[in-house]
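Values quoted throughout were computed directly from the atomic coordinates according to the rules given, and no laboratory measurement underlies them. Worth saying up front: this structure is predicted, and the values here are computed from it rather than measured. All Cβ positions, even for glycine, are placed from backbone atoms using ideal geometry, and neighbour counts span all protein chains on display.
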Amino acid sequence: MNFVLDNWYLIFLALASGVMLLLPALKGAGAGTLGTAQAVQLINREKAVVIDVCEPEEFAAGHVGGAKNIPLGQLQERLPQVAKNKAVPIILVCAKGARASRAAGIAKGLGYEKAQALAGGLTAWREANLPVEKA
């Protein structure tokens, strides 16, 4: 007990460094974990299917090239029709990444184990100067 009282600052330092190590992992867990460079690699190398879960108006204003539009509310019914092969990676995209993260959970529940949300969504895609199509 004397060690703890005499060295409280060392214990505090150890806890603080542990929190700082875990913080990036906790931040990335909520808004997608797939970066734009990784997404491009999946599209080019593994023929990943890009699904935009935005509403049709948002999709028409701009989307990832070659993306298919399935609004989040219709994902459970329409995803099996659009992506028939569950072994192919699926990249889910929305404006900022929050809806895509929810969509990734839905897709995984449907058996698409390689479904991932694009971190930062279409905003991150544009910031990386990647091509955007308009309908």
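Screening the chain for DSSP H helices whose Cα atoms reach 24 Å or more along their own axis and whose mean Kyte hydropathy is at least 1.0 gives 8-29.
Close Lys pairs in the chain, defined as Cα atoms under 19 Å apart and 8 or more places apart or on different chains, number 17. Of Met1, Met20, the sequence from fewest to most neighbouring Cβ atoms within 10 angstrom is Met1, Met20. Peptides 86-99, 118-131 ranked from most to least packed by the mean count of surrounding Cβ atoms within 10 Å: 86-99, 118-131.
Got a sec? How would Ile70, Ile106, Ile11 order by Cβ neighbour count within 10 Å, fewest to most? Let's see the in-between values first.
Working: Ile70 22, Ile106 16, Ile11 11.
In increasing order of surrounding Cβ atoms, one gets Ile11, Ile106, Ile70.
Residues of the stretch 40-66 with an amide N closer than 20 Å to a point placed 7 Å from the Cα of Asn85 along the Cα-to-Cβ direction: 40-52, 65-66.
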